[in-house]
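The values are calculated or read from the model by the stated rules, or taken from the named source; none is laboratory data. Please read these numbers as outputs of a predicted model, since none were measured by experiment. Cβ sites come from the backbone with ideal geometry, for glycine too, and all protein chains shown count toward neighbours. Just the protein is used for accessible areas: all its heavy atoms, side chains included, with ligands, DNA and RNA removed. Shrake-Rupley method; radii C 1.70, N 1.55, O 1.52, S 1.80 Å.
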Amino acid sequence: MKLGINGLGRIGKLTLWHHVARKYFSEIVVNTGREVGRSLEDLASYIEKDSTYGHLSTYLHGYRGGRVIENLNDKEGTMTIDGVPVKVLREARNPKEIKWKEEGVRLVVDTTGVFRDPQAEPDDPKGALRGHLAAGAEKVILSAPFKLKDKEKGFPEDSVTVVYGINTEDYRPEKHRVISAASCTTTCLSYMVKPLLDHFGADRILSASMVTVHAVTNSQSVLDRPPKSGAKDLRKTRSIFNNIILTTTGAAEALALVIPEMKRIGFMAESVRVPTVTGSLIVLVVNLQDESLENRITREVINGIYEKAAEGPYKPYLVFTMKQNVSTDIIGYPQAAAIIEGAETHTRTALARVDLSKACKGLSPEEVKGLSCAHVEVPVTQAVIYGWYDNEFGSYVNMLGHLTVHIAEKML
């Protein structure tokens, strides 16, 4: 079976690395949509070397590795990478014009980040995710969260958002043709939230919030530049080299698609970009209804939940450690969607005083007066949990790769 990859940016290039190493697909067809450099040799050089992860040959074979890209044919756009045939298409940027059918590609991973609306029709003049289906592919995986233009219309029936290992069973081969693999942040967050839901249940989680301290991406500016006409976020045009930049994240919205129970829980998600090339951190704050001040939820309880989950149903994608890490320690960390740093888990328990006259809707003042108590005190524990993730290769691309192979297996 052949795999198609649309786009060769950060996620596209590393997706190619993943599948060359994995060797599940017999051939990989990459669409760049344009000429790259002066020849195919320049593109091969770009594929072979990476400023963050080093050389492809070292990734594949360690220090013994030599050059692994061979048999370049610039006219045909072909090469072999560690024995895997790879063909590069350099003409069409619009998905509906890519020659997937001619190349025998049934499954495509779109890594451009441009075509995110599952509602958009294939003949949309700006291009559309469904254009891949019109071009001959049977299924397309988006390496980003869906972004609906018309939210009232909702998601098409043949679309689904999946984080591998969390809601993999939501993907139904006979129904779904357009699949989102969510985002790197949502992937990590899912593995941080799901063990807590499994243990406490949604009713005991009163509210939650998260901040991701996130590495830079190519959507930001290397140096300051003027914003485009009508731009709302003026900070993305500021230099990534020497700034901490506040931005937004759609992780909360995407999380509710992956874990529906989160729709019942008040949840906020924020993002801060910092000048590192990769390696990000989620700080998750959860407010839990406790049993009592005497039998409260402690850091040992929280850490025990994650330790058990990491050795059980979420192994090896959830990792629990008591080691002290910094961001470079988790770059390229194999398979881990989230690495819980247990040494930094904190909890505090207090009594929350609830005024029943305000909390109980529908009660008259007389009925409130008739209650044995007008106020109740509820024990609430606030837990702070830290989760690392390599937002490019180690976490996201590897999880995207697992999902891609899972979908391919169901197509056989």
With contacts defined as alpha carbon pairs under 8 Å and 6 or more residues apart, what's the relative contact order of the chain in percent? 14 percent
Only Lys, Arg, Asp and Glu count, each charged at its Cβ (+1, +1, -1, -1), so figure out the dipole size of region 220-280 about its Cα centre, rounded to 20 debye. 220 debye
Quick one: what do you get for the chain if you divide its Cα Rg by 2.2 N^0.38 Å? 1.10
Would you look at the GNM of the chain, springs on alpha carbons closer than 10 Å, and say which of ASN218, ASN287, ASN94 moves the most? ASN218
Divide by every residue of the chain the summed helix terms, -39500 (n - 2.57) for each DSSP H run of at least 4, and state the resulting mean residue ellipticity at 222 nm, rounded to the nearest 500 deg cm²/dmol. -6500 deg cm²/dmol
Projecting the Cα atoms of TRP100, GLY66, MET399 onto the charge dipole of the chain, where Lys and Arg contribute +1 and Asp and Glu -1 at Cβ, the residue farthest towards the positive end is TRP100
Could you order peptides 377-385, 395-403 by the average number of other Cβ atoms within 10 Å of their residues, highest first? 395-403, 377-385
If R₀ is 45 angstrom, what is the calculated FRET efficiency for the pair HIS406 and VAL354, using the beta carbon separation as r and rounding to 0.05? 0.50
Among the lysines, which fall within straight-line cross-link reach of LYS49, defined as a Cα-Cα distance under 29 Å, with same-chain neighbours fewer than 8 residues apart omitted? LYS2, LYS13, LYS23, LYS75, LYS87, LYS99, LYS236
Length gained, ARG34-LYS151, 0.36 nm per residue minus C-alpha separation, equals 38.8 nm
What whole-number distance in Å separates the alpha-carbon centres of region 20-49 and region 230-282? 30 Å
How far apart, in nm, are the 7 Å Cα→Cβ label points at GLU169 and LYS49? 4.9 nm
Kindly list the residues of region 271-292 that lie in the label zone of SER239, defined by a backbone N under 15 Å from the point 7 Å along the Cα-to-C-beta vector. 275-276
For the chain, which whole-number percentage of the solvent-accessible area (1.4 Å probe, protein heavy atoms only) is attributable to carbon and sulfur atoms? 50 percent
For region 1-147 the mean separation of alpha carbon contacts under 8 Å (6+ apart) over residue count, i.e. relative contact order in percent, is 26 percent
